[in-house]
1. Suppose the filter is closer than 24 Å to Ser80 by Cα, of a type outside the set (D, E, K, R), under 27 Å from the mean Cα position of the chain (by Cα) and part of a loop (DSSP other than H, G, I, E, B); does Ala95 pass it?
2. Suppose we keep only residues that are of a type in the set (Gly, Ala, Ser) and under 14 Å from Met138 (Cα atoms) within region 79-125. Which one would you say is surrounded by the fewest Cβ atoms within 10 Å (Cβ to Cβ)?
3. Among the residues of region 79-93, is there at least one that is β-branched (Val, Ile, Thr) and at pLDDT 65 or above?
4. Within region 120-142, track down each residue that is in contact with a Ser or Thr (Cβ under 6 Å, 6 or more places away or on another chain) and either touching a residue at least 40 places away in the same chain (Cβ under 8 Å) or of a type in the set (Phe, Trp, Tyr) (or both).
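The values are calculated or read from the model by the stated rules, or taken from the named source; none is laboratory data. The model shown is predicted, which means the values in this text are computed figures rather than measured ones. All Cβ positions, even for glycine, are placed from backbone atoms using ideal geometry, and neighbour counts span all protein chains on display.
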Amino acid sequence: MEVVLFLAPFVLLGAGIIFVAFSGGPGRAREAYLTKGGGFFKFSMALLYVALGLAVPALVIANREPSEGATAPLKHETASDDLEEGKELFRITCASCHTLAAANAHGVTGPNLDEVGEMTEERVLTAIRVGGTGQKRMPAALLEGEDAELVAKYVSAVAGKK
């Protein structure tokens with residue numbers, strides 16, 4: 001989107017220059033604009049708008065970088081089914097409290113998982129089992145078994161990696 005916003009003024013300026021050039025100079029361009037011009041002018045303007053309307057979006061779409069994982073840590077690799085499932089479980093169970101950029105989570109009470117240091121699977125599993133650091137700020141055993149393991153795998157893969 002930034003590319004389009006950056007290019008838009010230049011495209012409009014170029015369209016204006018082409019308009020002036022095809023009209024025969026500034027005086028004739030003003031006259032053509034005010035009198036709605038002749039057949040060639042109408043045809044060339046329609047052609048210009050169609051060409052720009054197709055070419056600019058096509059160039060922007062064609063030059064996008066791959067973004068399978070959608071967030072910085074997984075941007076250039078396809079997330080496994082386990083990571084996708086862990087992400088979904090994190091969003092459902094943890095995102096209301098914890099902040100994690102990769103999940104686009106902006107929690108309000110729990111720590112920012114991108115800033116609390118190295119997040120290993122074991123550390124995340126322990127936090128889920130005992131309720132954070134054990135100070136009863138986080139309910140213990142919010143997830144169990146495979147669900148807890150999937151969230152731990154996901155958080156350890158993406159936390160703190162921008």
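1. On the way: closer than 24 Å to Ser80 by Cα: yes; of a type outside the set (D, E, K, R): yes; under 27 Å from the mean Cα position of the chain (by Cα): yes; part of a loop (DSSP other than H, G, I, E, B): yes.
Considered against the rule, which asks whether it is closer than 24 Å to Ser80 by Cα, of a type outside the set (D, E, K, R), under 27 Å from the mean Cα position of the chain (by Cα) and part of a loop (DSSP other than H, G, I, E, B), Ala95 comes out as yes.
2. In the first step, residues of region 79-125 are kept if they are of a type in the set (Gly, Ala, Ser); the result is 79-80, 86, 95-96, 101-103, 105, 107, 110, 117.
Among the residues that remain, those that are also under 14 Å from Met138 (Cα atoms) are: 95-96, 107, 110.
On the way: Ala95: 18, Ser96: 13, Gly107: 16, Gly110: 19.
Here the residue is Ser96.
3. Going through region 79-93, the residues β-branched (Val, Ile, Thr) turn out to be 92-93.
Next cut, at pLDDT 65 or above only: 92-93.
The answer is yes, given that some residue of region 79-93 is β-branched (Val, Ile, Thr) and at pLDDT 65 or above.
4. Correct list: Leu142 only.
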